[in-house]
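Notes follow the structure.
We did not get these values from a lab; they are worked out from the coordinates using the rules stated. Remember, it's a predicted structure, so these values are computed and weren't measured experimentally. Ideal geometry is used to build each Cβ from the backbone, glycine not excepted, and the neighbour counts take in all protein chains shown.
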Amino acid sequence: MKRYLATSAALALVSAGTAMASGLDRTGQPIGIIFEEGNYAEFSVATTSVDLSGNDRATSTAGTTLNPFRSATGDVGDRFNMFGAGYKRDLNEQLSFALIFDQPWGVDVNYPVGSSALLGGTTAVADSNSLTALLRYKFNDNFSVHGGIRYQEIDGAINLAGGAYSSIGSQYNVRVNKDGAFGWVAGVAYEIPEIALRAALTYSSEIEHDFSLTETFATGASVGTSTKTKTPQSVNLDLQTGIAEDTLLFGGIRWAEHSVTDLVVPGLSTQASRSIDLIDLDDSVTYTLGVGRKFNENWSASIAVIYADVDGDNLVSPLAPTHGYEAIRLGVQYTQDKMKISAGIRYTRLGDAIAAPGGVGVADFSDNDAVSFGVKVGYSF
């Protein structure tokens, strides 16, 4: 069963993330490669197609008239791709090293011009790259600790347009220039190899970025400003155990403090005579439960269900118009000699939400979903 442990653990991590699933979270910051046996390298690619649409509200919760025609927003969720890679090497019998590349945070939202009267023309894009260096020290076959440093870069742009932003002139753009910053990772694991049991607890620190901004207003005037923003601290608990010959039960819990991620824009705040935060997110807890099965020496498969529970009400930023999600993930893996090829597909039902700039609901989003597909190639050496 120990041999099956390695294949199914990798398989469980194949699938792509989901657009705007919980805050800006896309990958869950996995560190499972550090538990691979021997020396190992992998590369992964994934794509997500998002169906995300809603309708303008006729009136606000306070009874104010907004858009009696309840214009459709159109599909505001853009397709996005993700890449990942990892390298793990045993330094000696007790100490191992891993280097992990992922793209943990992101946004791709585009309200088509001429659709929503309240939000049409509003767009947001954010991209990130992260490199994590980890060391793992095994005290014995049961206990180990792991930790290291993480470097990440983030940049993006936001354009606000439509009647919902009439108080700022109905047109505003901010360019968030790329910034890099460091954080850290620490964890502990307990294993019983004979039954493929592992419980790994990993903490990732928040990372603070000092962004330079270029703000452009409806008049065409631009101003250079700056702001500090944090990406959330998080805790991952990853679990797995053999429950029968060639059968593995696995799961996980991830908590992320998305509420610390703010984007307060100084120029716009000065113009509006109040502090304006373009990102308004709630903390989340994501649960995963699945089972993996090895059919023969070459083929294995897994199925998992995932649920993200998000704090607070369903009033959200128009730049991330969902509130939690439910998902099912299927994976298959082919192993031959030292190589394994994994593929996964995931269907996600995105939680209903109300787009609410400044806390005022202006558009209803419901019955939306996303489909993700990912491929991973791993090689042991």
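Neighbours of D179, meaning other residues whose beta-carbon lies under 9 angstrom from its beta-carbon, give a summed charge of -2 when Lys and Arg score +1 and Asp and Glu score -1.
With θ taken as phi - 60° and the Karplus curve 6.51 cos²θ - 1.76 cosθ + 1.60 applied, the whole-hertz 3J(HN,Hα) list for segment 102-111 is 8, 10, x, 10, x, 9, 9, 10, 8, 7 Hz, x standing for glycine and proline.
Averaging Cα coordinates gives a centre for segment 59-107 and one for segment 301-374; these two points are 9 Å apart. The phi-based Karplus calculation (6.51 cos²θ - 1.76 cosθ + 1.60; θ = phi - 60°) puts the 3J(HN,Hα) values of segment 183-189 at x, 9, 9, 8, x, 9, 9 Hz, whole numbers, x for Gly and Pro. Taking the Cα centre of segment 126-249 as reference, the dipole from Cβ charges on Lys and Arg (+1) and Asp and Glu (-1) amounts to some 380 debye. The order of E191, E93, going from fewest to most other C-beta atoms within 10 Å of their C-beta, is E93, E191. With neighbour counts taken as other beta-carbon atoms within 10 Å, the residues D102, D108 rank, fewest first, as D108, D102. Label positions at D51 and N298, each projected 7 Å from the Cα along the C-beta direction, are separated by 3.5 nm. Global dimensions of segment 206-253 from alpha-carbon coordinates: Rg and Dmax equal 23.1, 69 Å. Taking the number of Cβ atoms within 10 Å of each Cβ as an exposure proxy, the fewest-first ranking of W105, W255, W184 is W184, W255, W105. Backbone amide hydrogens, once placed in the peptide plane, bring V113 within less than 5 Å of G121, excluding anything fewer than 5 places away on its chain.
Relative contact order, whole percent, for segment 2-380 stands at 18, derived from Cα pairs under 8 Å and 6 or more residues apart.
For trypsin sites (Lys or Arg not before Pro), the sites in segment 215-304 that DSSP calls loop and that have at most 11 other Cβ atoms within 10 Å are R274. Compared with the alpha-carbon gap, the fully stretched path from A133 to L289 is longer by 53.4 nm at 0.36 nm per residue.
Here Rg and Dmax of the Cα atoms in Å was calculated from the structure, and among (1) 23.1, 74; (2) 24.8, 87; (3) 22.1, 69 it sits at label (3).
Length, then width, then depth: along the principal axes, the Cα atoms of segment 158-203 run 65, 24, 13 Å.
Each part gets one Cα centre, and for segment 203-262 versus segment 112-178 those centres are 8 Å apart. Computed from Cα atoms alone, the Kirkwood hydrodynamic radius reported for segment 50-115 is 16.3 Å. For the chain, the longest principal axis of the C-alpha atoms and the axis of helix 2-11 are separated by about 20°. Each of E93 and T61 was given a label point 7 Å from its Cα along the Cα-to-Cβ line. The distance between the two points is 6.3 nm.
Within segment 263-317, all pairs of alpha-carbon atoms sorted by distance into 10 Å bins from zero give the percentages 18, 24, 20, 15, 13, 7, 2.
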